[in-house]
Amino acid sequence: MQHLNQHIFASMLVLLVCFNIFAQRTIKGKVLDNESPLEGASVYLNNTTTGTITNSRGEFTLEVESGHYDLIISFLGYQTVNYPFYTETVNDSLIFKLKEQPGQLDEVVIKKTVYDDIWHHNLKYFKDAFLGKTEFSKNCDIQNPKILHFDYDNTTNTFTADARGNLQIKNEALGYEISYELVHFEIIENYLTYLGYAFFKPLKGGKRKQKQWAENRLVAYNGSNIHFYKSALNDELDEAGFIVNQFRRVPNEERPTDEQIAKARAVLKASRNTITYSKKIDTPKTVVDSALVVIRKQRLPKFKDYLYKSGLKASDIISPKNGVPVLGFKDNISVVYTREKEELAYIRRDAFSRPRAPVAQTSAIIPLKQDAVLDKIGILVNPLDVTLEGYWSFEKFANTLPLDYEPVALD
């Protein structure tokens, strides 16, 4: 795990799964504060465009496709409820009693947040990590950034973000307004994880805007990990433009260990003499020389990858287990999407990147758990079961579509 924009991006958007176009189900319920109805509570299926608000009696009704979902119930000042359910087994009438949100944390955060140059620097860092640096990110912004509070712990190299309320995100590139409840955001040594609940609302616009949004949404979908999973499930990898290779990952013995690097830094920090970092060292003669040699090797990759099988088929990637599809491949896979080239920002994402011509988009899936389960529309039931690297780690929230998006061929 090296550079945030270079390799690993774990996007944990708290899933919803399994849509079925052949059946619908009406979900009804009531939201209460103790025994009193709550009017105006938000009720939606996570990461979709399907949602509503409760009426004066605290009631709601949703028409949903058959499947498994996460139902989110939220109201200002109350703790958000995440209710996973299957349409086949859910009760006819749901009742949710919300609990008040403790206010002490908000008061502390408000007092600590100072909107100075450091905060603005952190805001840019947060937006680059969360929204991304793609072309679409240039037209995607957070409308209420001052609800964000940032912390950095230099002893653990950990950056965290909290929000007092939902982030209101306007994505002019894809044509959505998104209300996003940030549950968790953390970057540790350039490894990003975040959790949240998102409700997408399509923007209104004329025919020209609608056409542009439809085109951009298709660009965002094509080559995405959801597109890949769907293509594998339907045994259409070749038709969709994907080439899949299998590789083994081993530690890079040329790179010093993290412990050796930490010790080398301590030696250099403790040295009372002037250190010439550009000094040529053929054979280390002092402790400082040895530390410099170690520090110079710290930028070497932690691992080396060895490709051993090319042109995998869908059956090599996905296999049935107990009646459900799972990722059944050994080691790791590299996924090349041949119908779209990299953006220039991806090539220049690292200060040490060398200029080169864009090539086909290449990503990787690194399983963290055996037999990660897929739903029928190409969503991992638990996104934490894998780590995505390469181009998929570069395309972040500004390139995210609601999970009920269906690609439509354009004229």
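The values are calculated or read from the model by the stated rules, or taken from the named source; none is laboratory data. Only a predicted model underlies this, so the values are computations on that prediction, with no experimental measurement involved. Positions of Cβ are generated from backbone atoms using ideal geometry, with glycine treated the same way; all protein chains shown enter the neighbour counts.
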Practice problem: Please list, ordered by first then second residue, the pairs with beta carbon atoms under 8 Å, 6 or more apart or interchain, first in the range 140-169 and at positive phi, second assigned to a strand (DSSP E or B) and of a type in the set (V, I, T). | Solution: N157/I188
Quiz item: Taking the range 263-283, which residues are of a type in the set (G, A, S) and either in contact (Cβ under 8 Å) with a residue 12 or more places away in the chain or over 15 Å from R296 (Cβ atoms) (or both)?
Solution: A264, A266, A270, S271
Quiz item: If you check A364 against the conditions, is it small (G, A, S) and out of contact with any Ser or Thr (no Cβ under 6 Å at 6 or more places or on another chain)?
Solution: no
Quiz prompt | Hits in the range 25-64 (condition: under 20 Å from T400 (Cβ atoms) and either part of a strand (DSSP E or B) or modelled with pLDDT of 95 or more (or both)) | solution = S42, Y44, L45, T48, G51
Self-check item: Residues that are in contact with a Pro (Cβ under 6 Å, 6 or more places away or on another chain) and either surrounded by fewer than 16 Cβ atoms within 10 Å (Cβ to Cβ) or part of a helix (DSSP H, G or I) (or both), drawn from the range 311-347
Solution: K341
Quiz item: Which one is nearest to E63 (Cα to Cα) among residues in the range 77-92 that are among the β-branched types (V, I, T) and surrounded by fewer than 17 Cβ atoms within 10 Å (Cβ to Cβ)?
Solution: T89
Self-check item: Filter result (hydrophobic (A, V, I, L, M, F, W, C), assigned to a strand (DSSP E or B) and without any contact (Cβ under 8 Å) to a residue 60 or more places away in the chain) within the range 179-209
Solution: L182, F185, I188
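Residue by residue, here is whether (1) among the hydrophobic types (A, V, I, L, M, F, W, C); (2) surrounded by 15 or more Cβ atoms within 10 Å (Cβ to Cβ); (3) modelled with pLDDT under 95 holds:
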site	(1), (2), (3)
S137	no, yes, no
C140	yes, yes, no
P145	no, yes, no
N154	no, no, yes
I178	yes, yes, no
H184	no, no, yes
F199	yes, yes, no
R208	no, no, no
Quiz item: In the range 239-272, which residues are in a strand (DSSP E or B) and of a type outside the set (V, I, T)?
Solution: F242, N245, Q246, F247, R248, R249, P251
Self-check item: Residues of the range 361-408 classified as surrounded by fewer than 19 Cβ atoms within 10 Å (Cβ to Cβ), free of Cβ contacts under 8 Å to residues at least 60 places away in the same chain and not hydroxyl-bearing (S, T, Y), total
Solution: 8
Practice problem: Count, please, the residues in the range 242-262 that happen to be among the β-branched types (V, I, T) and without any contact (Cβ under 8 Å) to a residue 12 or more places away in the chain. | Solution: 1
Quiz item: If a residue has to be in a strand (DSSP E or B), touching a Leu at 6+ places or on another chain (Cβ under 9 Å) and small (G, A, S) to count, how many in the range 348-398 make the cut?
Solution: 3
Practice problem: Please work out which one of (1) aromatic (F, W, Y); (2) out of contact with any Asp or Glu (no Cβ under 9 Å at 6 or more places or on another chain); (3) under 19 Å from I72 (Cβ atoms) is the condition F185 fails and give its number. | Solution: (2)
